[in-house]
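Below is one structure, written out as structure tokens, with a few remarks after it.
The values are calculated or read from the model by the stated rules, or taken from the named source; none is laboratory data. Please read these numbers as outputs of a predicted model, since none were measured by experiment. Neighbour counts run over all protein chains shown; Cβ positions are idealised from the backbone, glycine included.
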Amino acid sequence: MGRALGDVLPLAVAVAIFPVPVIAVVLLLGSDRGRLKGVAFVAAWCVGLAGVGAVVLLVAAGLDPNDEGEPAAWVNALLLGLGLVCLAYALKQWRGRPRGGEDPPSPTWMRTIDDFTPAKAGGAGLALSALNPKNVLLVAAAATEIAGAGLSAGREVGVLLLFVLVASLGVLTPVAVALALGERSRESLDRVRTWMARNNAVIMTVLFLLIGAKLVGDAISGFSS
């Protein structure tokens, strides 16, 4: 179980510091009924992460590690494929970064976030966690690492829940700060939002480069063992 936790924690941290969900929850907190919307967003976000991970684990059910206790070949092949996709994402993010002082574009839906109801805020949290391809990629990679560790079903669920908790810290923290400090938190959260929006492309490039290298390395290690 310890090995599985070690494998998935870097992936969880990568999900946690994705800029777009953090920016979205900060914007929601600054709107009318912001704290309620923020809680709805975070709850749906956690459900989305757990759902994607659970689906991958269910698909992998019955595909146990090989007789030597090492991950089966399908695990290494999938990790290799996911790692290569992460590296391709890193290249795409770097090439698409704003240049020459350009302001980074924001998604169209984010410009209307002040008008979101709590239900719509929850829908946004679910979409960003369970439907965003970049997020799904990392959650699937984490679930693949868990599936290849040869754990019992109960331990797999436990590792997945710990992954979801760590991966949710990026959106949980602004909500916790807002609930604790109220209006006093707004200036600090706005600074975080501005910095992350300005540096989104660089953050994503570094994240996908590091995670892609990790997944490819895990796959090569698995194939050679």
If SER221 satisfies all but one of (1) under 21 Å from VAL25 (Cβ atoms); (2) free of Cβ contacts under 8 Å to residues at least 60 places away in the same chain, what's the number of the condition it fails?
(1)
Looking only at the stretch 180-225, filter to residues that are of a type in the set (D, E, K, R) and over 30 Å from THR144 (Cβ atoms); which one of those is surrounded by the most Cβ atoms within 10 Å (Cβ to Cβ)?
ARG193
I'm trying to understand the selection: among the residues of the stretch 180-197, which are closer than 25 Å to LEU11 by Cβ and of a type outside the set (Phe, Trp, Tyr)?
VAL192, ARG193, MET196, ALA197
Filter the stretch 111-135 down to the residues that are more than 15 Å from the chain's Cα centre (by Cα), surrounded by 15 or more Cβ atoms within 10 Å (Cβ to Cβ) and in contact (Cβ under 8 Å) with a residue 12 or more places away in the chain, then identify the one that is nearest to VAL166 (Cα to Cα).
GLY122
The residue from GLY182, GLY217 that alone is at pLDDT below 90, within 25 Å of ARG95 (Cα to Cα) and in a helix (DSSP H, G or I) is GLY217
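Restricting attention to helices (runs of 4 or more DSSP H) lying wholly within the stretch 1-62, give those where 1 or more residues are of a type in the set (Asp, Glu) and within 19 Å of the chain's Cα centre (by Cα).
The helices (runs of 4 or more DSSP H) meeting that bar are 2-16.
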For the stretch 136-145 the number of residues that are more than 17 Å from LEU80 (Cβ to Cβ) and either acidic (Asp, Glu) or crowded, with 22+ Cβ neighbours inside 10 Å (or both) is 1
Working only within the stretch 66-81, note down all residues that are at pLDDT below 65 and within 24 Å of the chain's Cα centre (by Cα).
PRO71
